[in-house]
Amino acid sequence: MSTHAAHAGPDAEAHHAHVAPLWVMFGVFAALLVLTGLTVAAISIDLGQMWNVILALSIAVVKALLVAAFFMHLWWDKPFNAYLLAAAVVFVALMLAYILVDTDRYSDVVGEGDGVNALQRAAP
Amino acid sequence: MSDHEPPAPQDAPETPDPHAQGGGGSAHGHDHEHHGPDHLAHHFDSLEQQTEANKLGMWACLVTEVLMFGGLFLAYAVYRANHFPVFEYCHWFLDTKLGAINTVVLLASSLTMALGVRAAQLGQQKLLLVMLIATFMGGVGFMGIKSVEYSSKFSHELWWGQGNLYYPVAKKNAYYDKTVNENLGPDQPRQAWTEADRTYRIYELENYYFNYKKGVDWFTPHYIPPEYRVDPKDYAYHGGPADPPPAPAVSVTAPSASARAAADPQDDAQHAAPQPVVGLAGMTSSDIGSPAYGPSGVSTALGDVAIEGLEPDHGHRTHYTWDTLPEAERERVHIFFQIYYAMTGLHGIHVVVGMGLIGWLIFRAAAGAFGPTNFDAVEIVGLYWHLVDLIWIFLFPLLYLIH
Amino acid sequence: MSVLSPTPTPTDIFGKPRDVKPGDDYINHSKGLMSWLLTLDHKRIGLMYMGGVCLTFLLGGVFAVLLRTELIWGGQTLPHVFGNSWESQYNQMFTLHGAVMTFLFIIPAIPAVIGNFALPLMLGAKDVAFPRLNLMSLYCWFGGAVFFVWVLVSGGLDTGWTFYTPYSTTTSTNVPAATLGAFVLGFSSILTGVNFIASIHMLRPRDMGWFKMPLLMWALYATAVIQILATPVLAITLLLLFAERIMQIGIFDPALGGDPVLFQHFFWFYSHPAVYIMILPALGVTSEIISVFSRKHIFGYKFIAFSSIAIALFGFIVWGHHMFTSGQSVYINALFSLLTMSVAIPSAIKVFNWLATMWRGSIRLDTPMLYAMGFIWLFTIGGLTGLFLATLNTDIHFHDTYFVVAHFHYVMVGSTLFAFLGGMYHWFPKMFGKMYDERHGKIAWTLTFIGFNLTFFIQFIAGSRGMPRRYADFLPQFHWYHVISTLGSYVLAVGLFWVLYNWIQGLRKGPQAPANPWGGNSLEWHTNSPPPHLNFDRDPHGVDPYRYDDWKWDESIQGYVIRDPEKDDPAYTGADGDPLPGEPATPAESHH
């Protein structure tokens, strides 16, 4: 906490929380802009719909990590706050995983009834 | 301080003794009139503890936000995974340029918010104020662009709910019966959709949006420019009768015309032109169901209306049009828009709430309320604002960059 | 004290003095209605929650008795007052019974009443971490209650408390108000959870480690984890349902291309963990009571603590067992069946540890202990019958029968209600500074216990023979089951009114309660009854909450006082005599 206040102003010892250095803030912002450009550019590369979405989401995850770690100070915080965020993501992933598997299985019944999975159908 | 004295009989929630404990005690309350015990709630021992608790509480709230949006991401993922053609088809209707600009706007406002927190921590009152105002303006910009986007969708009848062009026709008519037709006089024509009306409008939209995505225009205008209108002849080519049917007495009017007129009253030039929709009213859904219309599975261009976007070599492996979309998926196209509006709408509500909070911070900051020992409010609102940004970071590729 | 490292003796657990006037107590700390309505004091908020929760319990209970009365004879029994038909009137009654009891009573009952009251006291804190959010939580609860009252007077609700689509999007009853009400109640629950997590993390005394907390804190912590992780999913589910209802967006409606099974996934992702929101605090309350009234250190502290966390986490991966017959795929069915059984492990750990705590303890059969022991009985029956429902093939038979009704009433009503009542009796002296009449308490317990088992045990048999749930009528062969069940419900209702009478009599005429009537050692028993506004005269340190050696019974005040090592027999362990030979003072050490 206050031990990190290396970049603080003249009365650095007065701060009881970490003050983020300026170059980190601007560096993160620049990286975010670059990644945004990258993710827009990535749609013109054809990797198949599965890999395209994985690529897009990977870039999004990197951006989110940058925002969470530096803009949201998780890098300097007590680790528990980061655990909380991680738990939230894990539980969303859990929910997604189960339900995607299940809907994929039963969509044959409630869907068009042709027995063809939508992912396979979309494939070339 | 008062460890060994009997506590003073006062009702004020702040007692001086908490500062005897914890490293934060020496950090404040000496020379700044706004700092010191005022900021310390009575049930905390030190400012450090209070800040940690506030941040922890906020993170717990952010967890709930993540899970709440998680539900919408779940709905998105389920429909995308099981009905990908719908998503592939619909991504044409979202404006990547505006989405990207909005991403940058939101990222920039996140930066200013982070700088604002930094300014508050360092006691730079003016910089804090400037940064908060900049962040607020970022929110204004985001919502402004969002409203441009929404209103162009609305004007193209890509509403949420029953107003969506792709809503199943029978349900759509039931909705119009309830909302429009029951208020009409006995001699006024009923408004109702036929499959033919709708298909025609869909072709027009496809014609326009597919070209738009190719970079024809920078922003989606609220009307479809004349060069993208589908001529009834072309429509007829597409499987209807060889000659367009003569315009019948208007017994059925597609609501599209009035809806467009209402959405864009100043655009007289567009609406002065005769509405081709009228001429199509004689078509029946059985025409649409004829083999020439049917979901052939072959990517057919829209007759002699040249739409470059539909050619298979433009970089997209598969490309669905209304014609090639599997029959069962056509009924689900509207669900993409429902999910789109649910996700961006809930996100937009969060942006507005965040702007309200930042507005409150601006007033407090203008009064000099924040400083090195009292920046929790700025930091917590900042966390919220960053989370809103973080969610948009995922919404953008998922909605606007479907490949 | 290896688990619970060096424990200060009770005489020196206090540090810096707090700003407390002599004789101050939170009830008389300030006067006037506004001092209650705008209070930030967790104890007053807990008390106001108690008032509200008991009122809604009364409301839900009235519906329950009406339901049972309708079913005492085949065909129509009650006059047809509302709804399209007497059958639809029955549908509305069971829906409102379920919705009111679930959303308004069981979910907030223990965390918001007992948790709010006891948590900062047990932590030695002055208040919860965010007192304003705590008050806001109370008003969210009232707001949600207002929505439900609106539902009551505006066409009712007949979807069942689960709001399954597509029926909930087509019925003419007031689904939007109910969804909004549950949405607002979700905020109330979330705010409580956020408060508890932050309080437990930040407001413990410096020397109260995680494993020195009373087990109720672990249970409330696990509950809070569920509240913040699951409740938002309910919120978005209800928002989507609301949109579906208002605008027919079709995400859940098969007629519009939607997927109704998806709604059940959404709903149960919250609502199954919500079952653990209901039961986990009850498990924590029971851990407290069992140990105190056995005059014995809790057995297997860490196992009970971690089993609470384990139940909370397992609770998230078993929701599909509500959907075995809903069209869920067979692969996921099998997986969910297996995972559901795994919940039995931490549940059984708790039960065995309670039994081991009681074993060779000197048990005091006071009313709280009777409720706690009743809890173990009911929870065990409810838990074991859960295994039948977790098993795929038996569930096909039992699904939507009275077997399910009996099962979840045993775990939700039997267990949670008994723990709530036991906890209320346990902390009643602390809350109000008055003692209730022990004799009436025992009579009331007997009536509730007999009434409950009479009402619901017979339903296992009726259900296993094929009596379907949610039916307004039944075939003749089920008649006697229903008669017995209905009569049992009347006994239960009498017992509950007896409890209410007992409390009111205690409040009006009860003798002054001592600071420590039961000899408990968690921090709340170290302060006055009722506690001062700031909870303690001086900042307390952490103590081993389950070490009872330092208290002795004082006949003159009818309570426990701290033993003076100079004067009192050092081997004396309280009211019930010497420690048993060869018995370690703290069995928890064995888990070090």
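Every read-out reported here was derived from the displayed coordinates using simple, explicitly stated rules and does not represent laboratory data. Source: prediction; values computed, not measured. Here Cβ is always computed from backbone atoms with ideal geometry, including for glycine, and neighbour counts include all displayed protein chains.
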Taking amide H positions as placed in the peptide plane 1.01 Å from N, state which residues far from C:Phe14 in sequence (5 or more) or on other chains have amide H under 5 Å from it.
C:His541
Karplus-derived HN-Hα couplings along the range B:63-73 (A = 6.51, B = -1.76, C = 1.60, θ = phi - 60°), whole Hz, x at Gly and Pro:
4, 5, 5, 4, 5, 5, 5, x, x, 6, 4
Report the one residue of C:His322, C:Leu220, C:Gly98 whose Cα lies farthest in the direction of the positive end of the charge dipole of chain C (charges on C-beta: Lys and Arg +1, Asp and Glu -1; origin at the Cα centre).
C:Gly98
Once Lys and Arg get +1 and Asp and Glu get -1 on their Cβ, which of B:Gly71, B:Ser46, B:His91 lies farthest toward the positive end of the dipole of the range B:45-119?
B:His91
Given Cβ point charges of +1 (Lys, Arg) and -1 (Asp, Glu) and nothing else, what value in debye, to the nearest 20, does the dipole of chain C about its Cα centre take?
420
Each label sits 7 Å from Cα toward the beta-carbon; between C:Glu87 and C:Leu475 the label points are separated, in nm, by 1.7
Ranked by how many other beta carbons lie within 10 Å on average, peptides C:352-359, B:79-86, B:186-193 from highest
B:79-86, C:352-359, B:186-193
Arrange the following residues from fewest to most other Cβ atoms within 10 Å of their Cβ: C:Tyr49, C:Tyr167, B:Tyr76.
C:Tyr167, B:Tyr76, C:Tyr49
Partner lysines for B:Lys171 [C-alpha distance under 27 Å; skip if fewer than 8 residues away on the same chain]
B:Lys153
Here, A:Ala97 and C:Lys31, labelled 7 Å along Cα→Cβ, have an inter-label distance in nm of 6.2
Return, ordered by residue number, the residues of the range C:21-40 whose backbone nitrogen is under 20 Å from a label point located 7 Å along Cα→Cβ of C:Gln512.
C:21-30
May I ask you to compute the full-extension gain from C:Arg206 to C:Leu38, defined as 0.36 nm times their residue separation minus their alpha-carbon distance, rounded to one decimal in nm?
57.4 nm
Taking +1 at the Cβ of each Lys and Arg and -1 at the Cβ of each Asp and Glu, which of B:Tyr208, B:Gln124, B:Val169 sits farthest along the dipole of the range B:84-210 towards its positive end, judged by Cα position relative to the Cα centre?
B:Gln124
How far apart, in nm, are the 7 Å Cα→Cβ label points at C:Leu58 and A:Tyr83?
4.4
Counting only other chains, what is the mean number of Cβ atoms within 10 angstrom of the Cβ of each residue in peptide B:154-161?
1
Per residue of C:120-130, count partner chain C-beta atoms within 10 Å of its C-beta, then hand back the mean as an integer.
3
Which pairs break 31 Å Cα to Cα here: C:Lys43/C:Lys509; A:Lys78/B:Lys146; C:Lys31/C:Lys567; C:Lys21/C:Lys552; C:Lys212/C:Lys552?
A:Lys78/B:Lys146; C:Lys31/C:Lys567
